[in-house]
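Every number in this text was worked out from the coordinates using simple rules, so none of it is lab data. As the structure is a prediction and not an experimental result, all values here were calculated from the model. Here Cβ is always computed from backbone atoms with ideal geometry, including for glycine, and neighbour counts include all displayed protein chains.
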Amino acid sequence: MTGGGLFALIDWNDVAQTALPLMLALVVLGALVMLTQRERRTGFQLGEEFTADAGVVEIWDGRTGYVRVGGELWKAEAKTPLAPGTAVKVARKDGMLLRVAPL
């Protein structure tokens with residue numbers, strides 16, 4: 001080996017012709033994975049016992065209070081005042097706050 005050493009023996013055109021399609025395929029695959037993961041998102045993801053229409057008001061004052069859903073006590077908010085013991089459905093989950101409506 002003289003001069004450039006090992007790197008002088010590499011045909012960089014072949015490297016480019018092989019690497020570019022491989023990089024393009026990885027970018028496309030990554031984009032597809034991101035799209036499928038975005039589609040998998042749901043409005044809420046809780047334990048297996050949680051159902052969107054199963055809740056009971058435990059404590060309520062005005063438009064906010066606590067409801068029991070799936071055996072757990074959750075802070076909740078409703079558009080209308082509710083009374084303890086009222087059955088509610090979960091309209092959506094915002095962080096740790098449930099938006100509920102009477103059944």
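Of all the Cα-Cα pairs you can form in the stretch 55-102, what percent are over 14 Å apart? Write out the running numbers ahead of the final one.
Working: 366 of 1128 pairs.
Value for the stretch 55-102 (Cα pairs over 14 Å): 32 percent.
Provide 93, 79 in ascending order of the number of other Cβ atoms located within 10 Å of each residue's Cβ, fewest first. Intermediate results must be reported in sequence, preceding the final value.
Values: 93 20, 79 11.
Ordered from fewest to most neighbouring Cβ atoms within 10 Å, 93, 79 come out as 79, 93.
Amide H neighbours of residue 86 under 5 Å, at least 5 residues apart or on other chains, H built in the peptide plane: list them.
57
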